[in-house]
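Right, one structure below, let's go through it.
The values are calculated or read from the model by the stated rules, or taken from the named source; none is laboratory data. If you're wondering where the values come from, they're calculated on a predicted model, not measured in any experiment. Cβ placement follows ideal geometry from the backbone for every residue including glycine, while neighbour counts extend to all protein chains displayed. Keep in mind that these areas ignore ligands, DNA and RNA; they rest on the heavy atoms of the full protein, side chains included. Shrake-Rupley method; radii C 1.70, N 1.55, O 1.52, S 1.80 Å.
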Amino acid sequence: MDTLQAEKFDTAFQQINIYLSDIRNEYDIMNREEYLLKHNHKVWQGTDGKWRTYLDSENNSRGYVLKVKTTKKGIEDLIINYYKEKELDPYIDQVFEEWINQKLQFGEITKQSYSRYLNDYKRFFPKNCILRQKKFRQIAEIDLEAFIKTTIHELKLTRKTYGGLRTIILGIFKYGKSKRYTTISITTFFGDLTLSQKSFTKKLIDRESEVFSESETIRIKSYLRENQTIRNLGIALAFETGLRVGELCALKKCDIDIERHIIHIQRTEVTYKDPETNKRVCEVRDVPKTEAGDRDLIIPDTAIPILDSIFLLSRNSDYLFSENGKRIRSNAFNRCLTRICNNLHMKHRSMHKIRKTYGTMLINSHVDEILIAEQMGHKDIATTKKYYYRSNRNDNTRYTQINNALSC
């Protein structure tokens with residue numbers, strides 16, 4: 001290589017180094033800004049010229065400590081180093097927050113599920129629990145096992161509610177391992193974990209409260225016919241269709257096809273706490289609760305006069321159920337049903353129990369199982385039979401059936 005070529009090479013190399021240095025500087029500036037944006041306390045300059053801020057601290061009774069630096073850069077460097085350290089060695093709270101926010105960002109969960117996970121985390125992971133006292137990487141499998149068994153015992157978890165705890169732990173530790181915060185293989189851990197059936201609380205079901213009996217159904221339907229308010233008519237429609245209350249209050253008039261005797265179920269009401277505003281939100285989502293929930297529901301003849309009356313009372317709204325131009329929410333129907341049960345001196349039941357009564361009536365009437373599942377918006381009949389079918393026969397009917405079976 002001659003002198004001229006060497007000079008050209010050196011010049012090119014210097015330019016590349018300058019370019020890479022510029023990129024590194026831009027990257028550092030961007031990184032600094034990202035860390036500073038994470039800071040949730042005010043940064044200010046005092047009358048003495050020094051810069052101040054607060055940093056979160058679990059060791060302080062107030063939850064934060066005051067920090068002072070002589071320059072603005074000094075206080076910013078302190079903030080940045082604080083968040084860098086948290087990233088490298090976080091507590092479980094931070095890992096949970098990162099995991100749940102990522103799932104929401106990528107559309108893997110709805111805001112409703114996000115709100116439920118937050119509530120479950122607050123319930124299962126109180127401030128004094130051992131997993132929140134240790135750095136995440138210091139949590140050992142023996143700590144995790146002790147925490148799970150203690151939580152099941154102290155909170156008297158059923159098998160079903162334990163499923164919520166398990167889901168959160170799986171999510172946190174899978175995410176934590178992907179970020180190299182932990183070496184625990186949570187799938188293997190749960191595969192090896194042994195939990196006694198005796199550990200779980202058995203939920204005692206009050207059979208009488210699960211469905212409306214035959215005589216109660218007759219009484220309440222009669223009351224609804226005689227007192228035709230828009231809310232009462234909504235409850236009456238639920239008895240005839242088995243609609244989920246979230247589906248009921250999200251119905252629009254365009255969903256109803258009277259000529260074909262069809263209601264197209266395609267949306268539902270959801271409630272959640274908004275992660276940005278921290279306020280409770282109630283809105284209609286343009287998809288049903290489940291994939292099987294998107295269905296054409298058959299309208300029986302008994303529901304036609306109910307729908308006619310509903311249309312007369314909700315002329316000025318796109319929604320089927322509205323008052324003063326506002327959509328009626330699901331909790332309003334539940335409150336209305338409570339008042340009706342009280343008026344009839346009947347044991348209180350929620351709107352969901354009407355749905356169970358509907359499913360029970362279809363099974364008792366020997367409707368085709370595939371059709372029952374479709375009407376209920378279930379994937380298969382097993383779900384309906386396991387969770388929705390309860391005997392609603394009157395005592396005389398039960399006696400007659402047993403007596404007839406044994407009298408041969």
Check: Which Cα, out of 95, 61, 319, lies furthest along the positive dipole direction of the chain (beta carbon charges, K/R +1, D/E -1)?
Finding: 61
Next item on the list: Note down the relative contact order for region 293-356 as a percent, whole number, built from C-alpha pairs under 8 angstrom at least six residues apart.
Entry: 15 percent
Next item on the list: Skip the ligands, DNA and RNA, and give the accessible area per residue of the chain with a 1.4 Å probe, whole Å².
Entry: 61 Å²
Checklist line | Relative contact order %, the chain, counting alpha carbon pairs below 8 Å whose residues are six or more apart | finding: 13 percent
Note to self: For a quick check, take a GNM of the chain with Cα springs below 10 Å and name the residue from 62, 355, 116 with the largest mean-square fluctuation.
What the structure shows: 62
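Would you mind working out the magnitude of the charge dipole of region 277-337 relative to its Cα centre, with +1 at each Lys and Arg C-beta and -1 at each Asp and Glu C-beta, to the nearest 20 Debye? It would help to have the intermediate numbers written out before the result.
Working: 10 positive and 9 negative charges, 108 e Å.
About 520 debye.
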Notebook entry, point to check: In whole Hz, what ³J(HN,Hα) sequence does region 161-169 give by Karplus (6.51, -1.76, 1.60; θ = phi - 60°), x for Gly and Pro?
Noted result: 6, 4, x, x, 5, 4, 4, 5, 4
Checklist line | Local electrostatic count, residue 232, Cβ distance below 11 Å [Lys/Arg +1, Asp/Glu -1] | finding: +3
Check: Hey, of (1) 83, 40, 39; (2) 109, 60, 55; (3) 72, 58, 47, which did the structure itself give for Cα extents along the principal axes in Å when calculated?
Finding: (2)
Next item on the list: Answer rounded, prolate or oblate for region 76-182, using the Cα gyration tensor with square roots of eigenvalues a ≥ b ≥ c: rounded when a/c is under 1.5, else prolate when a/b is larger than b/c, else oblate.
Entry: oblate
Check: Among 209, 146, 164, whose Cα sits farthest toward the positive end of the charge dipole of region 89-224 (+1 at Cβ of Lys/Arg, -1 at Cβ of Asp/Glu, about the Cα centre)?
Finding: 146
Next item on the list: Could you give the size of the charge dipole of the chain about its Cα centre, using +1 on the Cβ of each K and R and -1 on the Cβ of each D and E, expressed in debye and rounded to the nearest 20?
Entry: 1840 debye
Next item on the list: On the protein heavy atoms, probe 1.4 angstrom, tell me the percent of accessible surface of the chain carried by carbon and sulfur.
Entry: 50 percent
Next item on the list: Run the numbers on region 27-139 and let me know its relative contact order in percent, using alpha-carbon pairs under 8 Å that are six or more apart.
Entry: 19 percent
